[in-house]
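J.: The structure follows.
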Amino acid sequence: MSAGIVTTGAGPGFVSRAAGHGRVTFVRVLNAEWIKLRSLRSTFWVLVAAVFLVIALGLLVCVGTVDRWPNTSAAEKARLSPPNASLTGLYLAQQAIGVLGVLVVSGEYATGSIRATMAAVPHRLPVLWAKSVVFGAVTFVLMLGTCLVAFLSGQAVLAKEHIDVSLSDPGVPRVVVGVAVYLAVTGILAIGIGAIVRNAAGGIAIVFGLLLVLPEVVRALPSDWQDRITKYLPSEAGQALTRWHPEEGALSPGAGITVFVLYAAATLAVAAVLLRRRDA
Amino acid sequence: MIKADALTKRYGPKTAVEGLTFTVRPGIVTGFLGPNGAGKSTTMRMILGLDHPTSGTVTVNGRRYADHPAPLHEVGALLEAKAVHTGRSAYNHLLSMAATTGIRARRVREVIEMVGLDEVARKRVGGFSLGMGQRLGLATALLGDPATLVLDEPVNGLDPEGVLWIRTLLKSLAAEGRTVFLSSHLMSEMALTAEHLIVVGRGRLIADTSVADFIHNAAPNQVRVRTPDADRLRALLFGPEVRVTGRERDVLEVTGVSSDDIGRLASAHGITLFELVPQQASLEEAFMESTRDAVEYRVAEGAPGPARTAAAARHRDGEVA
């Protein structure tokens with residue numbers, strides 16, 4: 001078969017020589033998606049902004065906490081989670097990552113480059129998986145580094161009132177790594193939504209609706225409904241992994257992130273079916 | 001080699017392509033002609049597996065496009081100018097395309113040079129002119145050194161120098177034994193570039209023939225005669241196929257008789273001729289004629305029958321324009 005490609009590939013009288021005889025593999029599609037991700041200036045700047053905002057917001061919250069500490073009630077003091085205070089930037093980062101995830105797909109539809117992409121990889125699904133892997137991995141690595149910096153600088157501020165924790169304290173590594181995991185899964189979820197909607201405005205609206213608006217809507221429901229529904233919402237379930245003190249009635253960190261991953265997986269599955277079925 | 005067999009595509013109630021069967025052979029440039037909305041682009045998208053046929057099949061070198069393990073080596077496509085992310089440079093666009101199939105960066109630089117984009121390859125595509133976008137599209141098509149090229153309106157937006165360049169390039173690619181399939185609205189350009197034609201109208205096949213035959217069949221050749229005895233000569237020209245028109249007083253436009261026969265006839269009757277000029281119909285006239293038929297049959301059934309000659313087509317153009 002491998003010998004056949006060269007000859008069946010060419011029409012009678014023509015054999016391709018100039019471009020080699022490689023075939024499409026998943027690793028190559030990964031490489032292609034990596035080139036695409038890093039060759040857009042907008043992606044680069046949004047990620048830089050996300051890194052900066054996460055560190056800055058963490059610092060700001062820690063400075064505020066230290067400043068108010070002498071006047072803080074005992075009950076509030078007991079509720080403080082030092083690692084989460086330094087990682088408050090999670091809420092800004094999830095928006096930046098959510099928008100970028102949608103744009104990674106919708107940008108291809110808006111510019112028409114999706115046709116070039118699909119012509120190069122006509123099985124299509126490797127493109128969706130590769131986009132998810134590349135964007136998820138980039139988000140995870142970048143945000144893990146960012147979270148470490150935010151955590152360490154935040155704790156340095158909190159040390160003034162001796163309320164800081166260290167990375168070796170129980171549950172703290174889970175929080176720091178958990179934020180990066182949560183953001184990476186958010187990015188993959190956003191890619192799935194982008195691939196379903198194929199349109200930036202619609203995709204971004206859905207991501208925000210899911211992560212920000214839905215929890216507010218549920219908060220307006222009768223309280224016994226709330227208790228049953230809230231913990232299964234995507235953002236609530238996913239953020240269970242990131243909370244140092246588990247919230248009352250919330251899922252355990254492991255169960256929470258599993259539910260969140262299932263949301264992302266289900267979204268990608270729908271996107272995959274549609275990608276195969278629809279015209280590009 | 002591209003083979004379409006009863007290819008049909010419907011979008012909801014609208015039929016874009018209906019029962020299209022044709023073969024595009026290697027070694028020559030084949031033109032794909034049809035008015036706007038005739039289904040050319042849809043057909044090309046189906047060749048590349050971008051749109052799924054409602055029924056029928058289309059294969060490239062014996063296999064469905066998606067079944068090729070390295071489609072970029074099989075088919076190079078230029079589907080629309082700038083099917084490229086506007087925020088990316090030409091070089092990075094080509095590099096990412098090449099990466100999917102393991103094509104080296106050296107080949108990327110080679111095709112950039114081939115299409116003359118060296119100076120702007122590192123600039124963002126968003127700032128490219130239409131002509132530069134077409135050159136980039138062509139570079140994308142050539143990237144995998146494919147045996148088959150599918151090009152939708154490749155000369156659109158190119159300057160005269162670019163048009164000449166692409167014509168020469170396409171002919172030389174075909175001469176290497178490749179299959180070259182291109183659509184164009186520029187009829188005169190098609191007449192110079194293509195040897196074979198596939199003509200569609202309203203999604204149906206109208207003609208699958210050589211350029212010469214297409215012109216001859218759709219628009220019979222005409223002879224222009226200028227003579228002071230126009231009325232006498234007109235009276236002598238009759239026959240089942242013969243048609244004489246003339247807009248100027250001394251000029252006859254004759255179809256169905258060769259210029260040789262007209263010359264002999266005039267000589268035998270002592271008629272003086274000032275001009276006796278055989279005129280070949282242009283591809284444009286032939287195209288208008290044959291696609292107008294297809295359109296008219298489908299739009300207005302029971303309307304007056306379609307005119308058959310290029311002269312009539314020209315006449316109507318004058319009225320319409």
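The values are calculated or read from the model by the stated rules, or taken from the named source; none is laboratory data. What you are looking at is a predicted structure, and each value in this text was computed from that prediction instead of being measured. For neighbour counting, all protein chains shown are included, and Cβ atoms are generated from backbone atoms with ideal geometry for every residue, glycine included. Remember, those area values only see protein heavy atoms, side chains included, never the ligands or the DNA or RNA. Shrake-Rupley method; radii C 1.70, N 1.55, O 1.52, S 1.80 Å.
J.: Would you calculate the volume per residue, in Å³, of the smallest convex hull containing every Cα atom of the protein assembly as shown?
T.: Values: hull volume 122.9 nm³, N = 601.
Taking only Cα atoms, the protein assembly as shown has a hull volume of 204 Å³ per residue.
J.: Nearest 20 debye, what's the magnitude of the dipole of region B:222-279 about its Cα centre given +1 on Lys and Arg Cβ and -1 on Asp and Glu Cβ?
T.: 100
J.: Run the simple label-point estimate for B:Val251 and B:Thr21 please: 7 Å along Cα→C-beta, distance reported in nm.
T.: 4.5
J.: Right, next: For chain B, what's the relative contact order in percent, using C-alpha pairs closer than 8 Å and at least 6 residues apart?
T.: Reported as a whole number, the value is 19 percent.
J.: Additional query: On a 1.4 Å probe surface of the protein chains, which of B:His68, B:His269, B:His216, B:His85 comes out largest in accessible area, and what is the full order?
T.: These residues rank, largest area first, as B:His216, B:His269, B:His85, B:His68.
J.: Taking a 1.4 Å probe, which of B:Asp5, B:Asp51 shows the most accessible area, and what order do the others take after it?
T.: Values: B:Asp5 85, B:Asp51 5 Å².
The ordering from most to least exposed comes out as B:Asp5, B:Asp51.
J.: Over what distance in Å are the Cα centres of region A:116-173 and region B:168-216 separated?
T.: Computed from Cα coordinates, the inter-centre distance equals 54 Å.
J.: Name the shape class, rounded, prolate or oblate, that the alpha-carbon gyration tensor gives for region B:87-126, where a ≥ b ≥ c are the square roots of its eigenvalues, rounded holds for a/c under 1.5, and otherwise prolate holds if a/b is larger than b/c and oblate otherwise.
T.: Here region B:87-126 falls in the oblate category.
J.: State the percentage of accessible surface on the protein assembly as shown attributable to carbon and sulfur atoms; use a 1.4 Å probe and exclude ligands, DNA and RNA.
T.: Values: 15700 of 26770 Å².
Accessible surface attributable to carbon and sulfur in the protein assembly as shown totals 59 percent.
J.: To continue, here is another question. With label points built 7 Å along Cα→Cβ from the Cα atoms of B:Arg234 and B:Ser210, find their separation and express it in nm.
T.: 3.7
J.: Could you please put B:Ser41, B:Ser267 in sequence from largest to smallest accessible area, using a 1.4 Å probe?
T.: Details: B:Ser41 50, B:Ser267 90 Å².
These residues rank, largest area first, as B:Ser267, B:Ser41.
J.: Mind scanning A:Lys131/B:Lys9; B:Lys9/B:Lys82; A:Lys77/A:Lys231; A:Lys131/B:Lys82; A:Lys36/A:Lys231; B:Lys40/B:Lys82 and naming the pairs with a C-alpha gap bigger than 28 Å? Before the final figure, lay out each step's value.
T.: Numbers: A:Lys131/B:Lys9 30 Å; B:Lys9/B:Lys82 25 Å; A:Lys77/A:Lys231 25 Å; A:Lys131/B:Lys82 22 Å; A:Lys36/A:Lys231 36 Å; B:Lys40/B:Lys82 18 Å.
Where the Cα-Cα span goes over 28 Å, the pairs concerned are A:Lys131/B:Lys9; A:Lys36/A:Lys231.
J.: Quick one: how many Å² of A:Ile204 are accessible to a 1.4 Å probe, rounded to 10?
T.: Accessible surface of A:Ile204 is approximately 40 Å².
J.: Along the Cα→Cβ direction, 7 angstrom out, place labels at A:Glu248 and B:Thr272. What is the inter-label distance in nm?
T.: Rounded to a tenth, the inter-label distance reads 11.8 nm.
J.: Need one value: the accessible area of A:Ser235 in square angstrom, 1.4 angstrom probe, rounded to the nearest 10.
T.: Counting only protein heavy atoms, A:Ser235 exposes about 0 Å² to solvent.
J.: Could I ask something else about it? Can you give the FRET efficiency for A:Ala255 and B:Asp67, using 1/(1 + (r/R0)^6), R0 = 35 Å, r = Cβ-Cβ distance, to the nearest 0.05?
T.: Working: r = 43 Å, r/R0 = 1.24.
E(calc), rounded to 0.05, equals 0.20.
J.: Leaving ligands, DNA and RNA out of it, work out the accessible area of A:Ser153 with a 1.4 Å probe and give it in Å² to the nearest 10.
T.: Accessible area, nearest 10 Å²: 30 Å².
J.: Still on this model: Counting only Cα atoms, I'd like the Rg/Rh figure for chain B, Kirkwood definition for Rh.
T.: Working: Rg = 23.6 Å, Rh = 21.9 Å.
Rounded to two decimals, Rg/Rh equals 1.08.
J.: Here's a follow-up. Rounded to the nearest 20 debye, what is the charge dipole size of region A:135-279 about its Cα centre when +1 sits on each Lys and Arg Cβ and -1 on each Asp and Glu Cβ? Present the calculation step by step, with values, prior to reporting the outcome.
T.: Working: 10 positive and 10 negative charges, 131 e Å.
The dipole of region A:135-279 has a size of about 620 debye.
J.: Another one. Work out which helices of chain A, taken as complete DSSP H runs, extend at least 24 Å along their axis over the Cα atoms and score a mean Kyte-Doolittle of 1.6 or more, then list them.
T.: Correct list, ordered by number: A:41-68, A:125-158, A:172-197.
J.: Rounded, prolate or oblate: which one fits region A:180-280, using the alpha carbon gyration tensor with axes a ≥ b ≥ c (rounded when a/c is under 1.5, else prolate when a/b beats b/c, else oblate)?
T.: Verdict is prolate for region A:180-280.
J.: In the protein assembly as shown, if the dipole is taken from +1 on Lys/Arg beta carbons and -1 on Asp/Glu beta carbons about the Cα centre, which of A:Phe151, B:Ser55, B:Gly133 is farthest to the positive end?
T.: A:Phe151
J.: Moving on. Compute for chains B and A the buried accessible surface, both sides summed, probe 1.4 Å, and express it in Å² to the nearest 100.
T.: Chains B and A together bury approximately 3700 Å².
J.: What residues in region B:83-98 lose 50 Å² or more of accessible surface when the other protein chains are added to their chain alone (1.4 Å probe)?
T.: Those residues are B:Ala83, B:His85, B:Arg88, B:Ser96.
J.: Turning to a different aspect of this structure: What do you get for trypsin sites (Lys or Arg not before Pro) in region B:184-293 restricted to DSSP loop and a cutoff of at most 13 other Cβ within 10 Å of the site's Cβ?
T.: B:Arg247, B:Arg249
J.: Which residues of region B:37-55 show a drop of at least 30 Å² in accessible area when all protein chains are present, compared with their chain alone (probe radius 1.4 Å, heavy atoms only, ligands and nucleic acids excluded)?
T.: B:Leu50, B:His52
J.: Can you give me the three principal axis dimensions of region A:24-277 from its C-alpha atoms, in Å, biggest first?
T.: The Cα atoms of region A:24-277 stretch 64, 41, 29 Å along their principal axes.
J.: Given charges of +1 on the Cβ of Lys and Arg and -1 on the Cβ of Asp and Glu, with all other atoms neutral, how large is the dipole of chain A about its Cα centre, in debye to the nearest 20?
T.: Dipole about the Cα centre, nearest 20: 1220 debye.
J.: Please give the peptides A:81-94, B:21-34, A:206-219 ranked by average Cβ packing (other Cβ atoms within 10 Å per residue), highest first, as a rough proxy for protection.
T.: A:81-94, B:21-34, A:206-219
J.: Mean residue ellipticity at 222 nm from the helices of chain A, using -39,500 (n - 2.57) per DSSP H segment of n ≥ 4 over the full residue count, to the nearest 500 deg cm²/dmol?
T.: Value at 222 nm, helices only, nearest 500: -23500 deg cm²/dmol.
J.: Can I ask one more? Tell me what chain B gives for mean residue ellipticity at 222 nm when only DSSP H runs of n ≥ 4 count, each as -39,500 (n - 2.57), the sum divided by the residue total, rounded to 500 deg cm²/dmol.
T.: Mean residue ellipticity, 222 nm, calculated: -11000 deg cm²/dmol.
J.: Further question on the same structure: How much accessible area per residue does chain B have, in Å², with a 1.4 Å probe?
T.: It amounts to 44 Å² per residue over chain B.
J.: Considering only protein heavy atoms, what per residue accessible area in square angstrom results for region A:24-277 with a 1.4 angstrom probe?
T.: 44
J.: In bins 10 Å wide, starting from 0, what share of all Cα pairs of region B:1-100 does each bin hold, as a percent?
T.: 14, 42, 32, 13, 0
J.: With an 8 Å Cα cut-off and a minimum separation of 6 or more residues, compute the relative contact order for region A:24-277 in percent.
T.: On the way: 353 pairs, mean separation 60.3, N = 254.
Taking the mean separation of contacting Cα pairs over the length of region A:24-277, I get 24 percent.
J.: Please sort by residue number the chymotrypsin sites (Phe, Trp or Tyr not before Pro) in region B:185-282 whose DSSP state is loop and whose Cβ has at most 15 other Cβ atoms within 10 Å. Before the final figure, lay out each step's value.
T.: Working: sites: B:Phe214, B:Phe238, B:Phe274; in loops: B:Phe238, B:Phe274.
Sites meeting the loop and neighbour criteria: B:Phe238, B:Phe274.
J.: Please sort B:162-173, B:129-140, A:181-192 by packing, taking for each peptide the average over its residues of neighbouring beta carbons within 10 angstrom, highest first. Present the calculation step by step, with values, prior to reporting the outcome.
T.: Working: B:162-173: 17.0, B:129-140: 22.4, A:181-192: 27.2.
Going from most to least packed, we get A:181-192, B:129-140, B:162-173.
J.: Placing +1 on the Cβ of each Lys and Arg and -1 on the Cβ of each Asp and Glu in chain B, which of B:Val200, B:Gly27, B:Thr42 has its Cα farthest towards the positive end of the resulting dipole?
T.: B:Thr42
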